[in-house]
Amino acid sequence: MTTTQTPASKAGEMSTAVDESAANLTRIEEQIMAAKAASIAATFESLRRKAEIGRLLVEAKSLLPHGQFDRWIREKFNFSRQWASVLVQLHIKWPIVLILKEEAEAAGRDADLGVRAALEAVKEYEQRQSQPAPTPGANDEADPEGSGDQDRTNQPEEGPEGRAADDADPASSTGKGTDGEDAKSRQGRKGSALVKEQALIIESLTQRVKRLEAENEGLRFELAERDAVIADLQAELHRMRRSARMVA
(Lines give C-alpha, C1' and ligand atoms only; values in the text may rest on other atoms or scores of the structure.)
Protein backbone atom coordinates (compact mmCIF):
# COMPACT_ATOMS: atom_id res chain seq x y z
CA MET A 1 0.00 0.00 0.00
CA THR A 2 1.50 3.27 -1.08
CA THR A 3 1.15 6.45 0.89
CA THR A 4 0.44 9.56 -1.09
CA GLN A 5 1.92 12.77 0.35
CA THR A 6 -0.43 15.65 0.58
CA PRO A 7 0.69 19.23 -0.11
CA ALA A 8 0.49 19.90 3.63
CA SER A 9 2.85 17.02 4.47
CA LYS A 10 5.34 18.10 1.80
CA ALA A 11 5.30 21.64 3.16
CA GLY A 12 5.90 20.29 6.65
CA GLU A 13 8.97 18.32 5.55
CA MET A 14 10.38 21.33 3.75
CA SER A 15 9.84 23.47 6.81
CA THR A 16 11.62 20.89 8.98
CA ALA A 17 14.60 20.81 6.58
CA VAL A 18 14.80 24.60 6.59
CA ASP A 19 14.72 24.64 10.39
CA GLU A 20 17.53 22.06 10.56
CA SER A 21 19.67 24.06 8.12
CA ALA A 22 19.09 27.25 10.10
CA ALA A 23 20.02 25.48 13.33
CA ASN A 24 23.21 24.05 11.79
CA LEU A 25 24.13 27.45 10.38
CA THR A 26 23.60 29.06 13.79
CA ARG A 27 25.83 26.41 15.37
CA ILE A 28 28.57 27.04 12.79
CA GLU A 29 28.35 30.81 13.33
CA GLU A 30 28.73 30.37 17.09
CA GLN A 31 31.75 28.10 16.64
CA ILE A 32 33.40 30.55 14.23
CA MET A 33 32.80 33.46 16.59
CA ALA A 34 34.26 31.51 19.51
CA ALA A 35 37.31 30.43 17.49
CA LYS A 36 37.76 34.00 16.22
CA ALA A 37 37.65 35.46 19.72
CA ALA A 38 40.12 32.85 20.96
CA SER A 39 42.44 33.58 18.02
CA ILE A 40 42.39 37.34 18.64
CA ALA A 41 43.01 36.83 22.35
CA ALA A 42 45.91 34.45 21.66
CA THR A 43 47.44 36.83 19.13
CA PHE A 44 47.24 39.78 21.49
CA GLU A 45 48.70 37.71 24.33
CA SER A 46 51.58 36.73 22.05
CA LEU A 47 52.08 40.41 21.23
CA ARG A 48 52.08 41.29 24.93
CA ARG A 49 54.69 38.65 25.71
CA LYS A 50 56.92 39.95 22.91
CA ALA A 51 56.67 43.44 24.40
CA GLU A 52 57.72 41.97 27.75
CA ILE A 53 60.74 40.38 26.08
CA GLY A 54 61.62 43.80 24.70
CA ARG A 55 61.51 45.27 28.20
CA LEU A 56 63.78 42.53 29.50
CA LEU A 57 66.22 43.05 26.62
CA VAL A 58 66.58 46.71 27.54
CA GLU A 59 67.29 45.72 31.11
CA ALA A 60 69.81 43.06 30.06
CA LYS A 61 71.62 45.48 27.75
CA SER A 62 72.43 47.72 30.69
CA LEU A 63 73.92 44.79 32.62
CA LEU A 64 76.12 43.28 29.92
CA PRO A 65 79.66 44.49 29.13
CA HIS A 66 79.95 46.82 26.17
CA GLY A 67 79.87 44.98 22.85
CA GLN A 68 78.57 41.71 24.29
CA PHE A 69 74.85 42.19 23.73
CA ASP A 70 74.71 40.94 20.12
CA ARG A 71 76.59 37.77 20.96
CA TRP A 72 74.48 37.20 24.07
CA ILE A 73 71.10 37.40 22.30
CA ARG A 74 72.38 35.25 19.44
CA GLU A 75 73.81 32.48 21.64
CA LYS A 76 71.08 32.46 24.28
CA PHE A 77 67.94 33.03 22.20
CA ASN A 78 68.99 32.88 18.53
CA PHE A 79 67.84 36.50 18.16
CA SER A 80 69.25 38.79 15.51
CA ARG A 81 69.91 42.41 16.44
CA GLN A 82 67.14 43.44 14.07
CA TRP A 83 64.59 41.22 15.82
CA ALA A 84 65.76 42.41 19.22
CA SER A 85 65.28 46.00 18.03
CA VAL A 86 61.73 45.17 16.92
CA LEU A 87 60.93 43.73 20.34
CA VAL A 88 62.35 46.78 22.09
CA GLN A 89 60.31 49.09 19.86
CA LEU A 90 57.20 47.06 20.66
CA HIS A 91 57.93 47.51 24.36
CA ILE A 92 58.34 51.27 23.95
CA LYS A 93 55.19 51.65 21.85
CA TRP A 94 53.08 49.31 23.94
CA PRO A 95 50.89 52.09 25.42
CA ILE A 96 49.98 53.13 21.88
CA VAL A 97 49.22 49.50 21.00
CA LEU A 98 46.75 49.40 23.89
CA ILE A 99 45.13 52.62 22.69
CA LEU A 100 44.76 51.22 19.17
CA LYS A 101 43.26 48.04 20.56
CA GLU A 102 40.69 49.96 22.60
CA GLU A 103 39.78 52.16 19.63
CA ALA A 104 39.33 49.15 17.40
CA GLU A 105 37.10 47.39 19.90
CA ALA A 106 35.06 50.54 20.47
CA ALA A 107 34.52 50.88 16.72
CA GLY A 108 33.55 47.23 16.38
CA ARG A 109 36.68 46.30 14.46
CA ASP A 110 38.87 43.29 15.09
CA ALA A 111 41.91 44.18 17.18
CA ASP A 112 44.00 41.44 15.59
CA LEU A 113 47.08 43.65 15.43
CA GLY A 114 49.66 40.90 15.20
CA VAL A 115 48.28 39.33 12.04
CA ARG A 116 47.72 42.68 10.32
CA ALA A 117 51.25 43.82 11.07
CA ALA A 118 52.62 40.55 9.70
CA LEU A 119 50.55 40.83 6.55
CA GLU A 120 51.68 44.42 6.03
CA ALA A 121 55.30 43.32 6.30
CA VAL A 122 54.66 40.55 3.77
CA LYS A 123 53.01 43.05 1.41
CA GLU A 124 55.98 45.42 1.59
CA TYR A 125 58.38 42.55 0.97
CA GLU A 126 56.44 41.39 -2.08
CA GLN A 127 56.39 44.92 -3.47
CA ARG A 128 60.17 45.19 -3.13
CA GLN A 129 60.69 41.81 -4.78
CA SER A 130 58.35 42.66 -7.67
CA GLN A 131 60.33 45.76 -8.65
CA PRO A 132 62.38 45.03 -11.80
CA ALA A 133 66.14 45.28 -11.63
CA PRO A 134 67.57 48.44 -13.24
CA THR A 135 68.59 47.89 -16.85
CA PRO A 136 71.76 49.62 -18.12
CA GLY A 137 70.78 52.47 -20.41
CA ALA A 138 67.07 52.14 -19.56
CA ASN A 139 66.95 55.75 -18.39
CA ASP A 140 68.36 57.12 -21.63
CA GLU A 141 65.66 59.14 -23.37
CA ALA A 142 65.35 59.60 -27.11
CA ASP A 143 65.92 63.09 -28.47
CA PRO A 144 62.48 64.44 -29.51
CA GLU A 145 64.08 66.74 -32.08
CA GLY A 146 66.05 63.94 -33.66
CA SER A 147 69.31 65.76 -32.96
CA GLY A 148 70.72 62.69 -31.24
CA ASP A 149 70.30 60.57 -34.37
CA GLN A 150 71.79 63.35 -36.47
CA ASP A 151 74.81 63.60 -34.20
CA ARG A 152 75.35 59.87 -34.41
CA THR A 153 75.08 60.02 -38.20
CA ASN A 154 77.72 62.74 -38.39
CA GLN A 155 80.09 60.89 -36.10
CA PRO A 156 82.69 58.50 -37.53
CA GLU A 157 81.80 54.85 -37.32
CA GLU A 158 84.65 54.09 -34.95
CA GLY A 159 85.42 55.79 -31.65
CA PRO A 160 88.81 56.34 -30.02
CA GLU A 161 89.13 52.63 -29.31
CA GLY A 162 88.67 51.79 -32.97
CA ARG A 163 91.20 54.43 -34.07
CA ALA A 164 93.71 53.16 -31.57
CA ALA A 165 93.24 49.67 -32.97
CA ASP A 166 93.77 50.96 -36.51
CA ASP A 167 97.00 52.65 -35.46
CA ALA A 168 98.24 49.43 -33.97
CA ASP A 169 97.14 47.30 -36.91
CA PRO A 170 97.34 49.02 -40.32
CA ALA A 171 95.59 46.10 -41.97
CA SER A 172 92.41 46.91 -40.06
CA SER A 173 91.90 50.06 -42.15
CA THR A 174 90.73 47.84 -44.98
CA GLY A 175 88.10 46.26 -42.70
CA LYS A 176 90.07 43.01 -42.40
CA GLY A 177 92.50 42.43 -39.53
CA THR A 178 95.19 39.81 -39.48
CA ASP A 179 93.08 37.71 -37.10
CA GLY A 180 89.82 38.31 -38.97
CA GLU A 181 88.70 40.96 -36.51
CA ASP A 182 86.08 43.41 -37.75
CA ALA A 183 83.99 46.23 -36.34
CA LYS A 184 81.41 43.85 -34.85
CA SER A 185 83.97 41.97 -32.80
CA ARG A 186 85.43 45.22 -31.47
CA GLN A 187 81.93 46.38 -30.54
CA GLY A 188 81.35 43.06 -28.80
CA ARG A 189 84.51 43.47 -26.72
CA LYS A 190 83.49 46.99 -25.74
CA GLY A 191 80.03 45.73 -24.74
CA SER A 192 81.55 42.91 -22.68
CA ALA A 193 83.86 45.32 -20.90
CA LEU A 194 80.94 47.62 -20.15
CA VAL A 195 78.93 44.75 -18.67
CA LYS A 196 81.85 43.73 -16.44
CA GLU A 197 82.35 47.30 -15.29
CA GLN A 198 78.66 47.66 -14.44
CA ALA A 199 78.73 44.34 -12.56
CA LEU A 200 81.61 45.59 -10.43
CA ILE A 201 79.79 48.86 -9.73
CA ILE A 202 76.62 46.99 -8.75
CA GLU A 203 78.55 44.70 -6.42
CA SER A 204 80.30 47.65 -4.79
CA LEU A 205 77.03 49.51 -4.29
CA THR A 206 75.38 46.39 -2.89
CA GLN A 207 78.10 45.96 -0.29
CA ARG A 208 77.87 49.62 0.63
CA VAL A 209 74.11 49.37 1.07
CA LYS A 210 74.54 46.36 3.34
CA ARG A 211 77.08 48.21 5.48
CA LEU A 212 74.83 51.25 5.78
CA GLU A 213 71.84 49.08 6.67
CA ALA A 214 73.85 47.40 9.42
CA GLU A 215 74.94 50.79 10.75
CA ASN A 216 71.37 52.09 10.65
CA GLU A 217 70.15 49.03 12.53
CA GLY A 218 72.70 49.65 15.25
CA LEU A 219 71.67 53.28 15.52
CA ARG A 220 68.00 52.30 15.56
CA PHE A 221 68.57 49.99 18.50
CA GLU A 222 70.53 52.62 20.40
CA LEU A 223 67.73 55.13 19.82
CA ALA A 224 65.21 52.57 21.02
CA GLU A 225 67.15 52.18 24.24
CA ARG A 226 67.22 55.93 24.75
CA ASP A 227 63.49 56.13 24.05
CA ALA A 228 62.91 53.51 26.71
CA VAL A 229 64.93 55.49 29.23
CA ILE A 230 63.07 58.69 28.33
CA ALA A 231 59.73 56.90 28.69
CA ASP A 232 60.71 55.66 32.16
CA LEU A 233 61.83 59.13 33.22
CA GLN A 234 58.64 60.70 31.92
CA ALA A 235 56.56 58.16 33.81
CA GLU A 236 58.51 58.83 37.00
CA LEU A 237 58.14 62.58 36.50
CA HIS A 238 54.40 62.16 36.06
CA ARG A 239 54.16 60.18 39.29
CA MET A 240 56.19 62.79 41.18
CA ARG A 241 54.03 65.66 39.90
CA ARG A 242 50.87 63.82 40.85
CA SER A 243 52.25 63.16 44.35
CA ALA A 244 53.22 66.82 44.69
CA ARG A 245 49.69 67.92 43.78
CA MET A 246 48.20 65.54 46.33
CA VAL A 247 50.51 66.87 49.07
CA ALA A 248 49.68 70.46 48.18
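Take Ala41 and decide whether it is surrounded by 12 or more Cβ atoms within 10 Å (Cβ to Cβ), at pLDDT 90 or above and in a helix (DSSP H, G or I). No: the conditions fail for Ala41. Here Leu223 meets the list (1) under 23 Å from Ser80 (Cβ atoms); (2) at pLDDT below 70 almost entirely, failing just condition (2).
Taken over the range 83-97, the criterion of being surrounded by 14 or more Cβ atoms within 10 Å (Cβ to Cβ) and not basic (Lys, Arg) is satisfied by Trp83, Ala84, Ser85, Val86, Leu87, Val88, Gln89, Leu90, His91, Ile92, Trp94, Val97. Under the condition of being touching a helix residue (DSSP H, G or I) at 6+ places or on another chain (Cβ under 6 Å) and not polar (S, T, N, Q), the residues counted in the range 65-85 number 6. For Val58, the test of being in a helix (DSSP H, G or I) and within 23 Å of the chain's Cα centre (by Cα) is failed.
The values are calculated or read from the model by the stated rules, or taken from the named source; none is laboratory data. Model, not experiment: these values are computed from the prediction. Backbone-built Cβ (ideal geometry, glycine too); neighbour counts: all protein chains shown.
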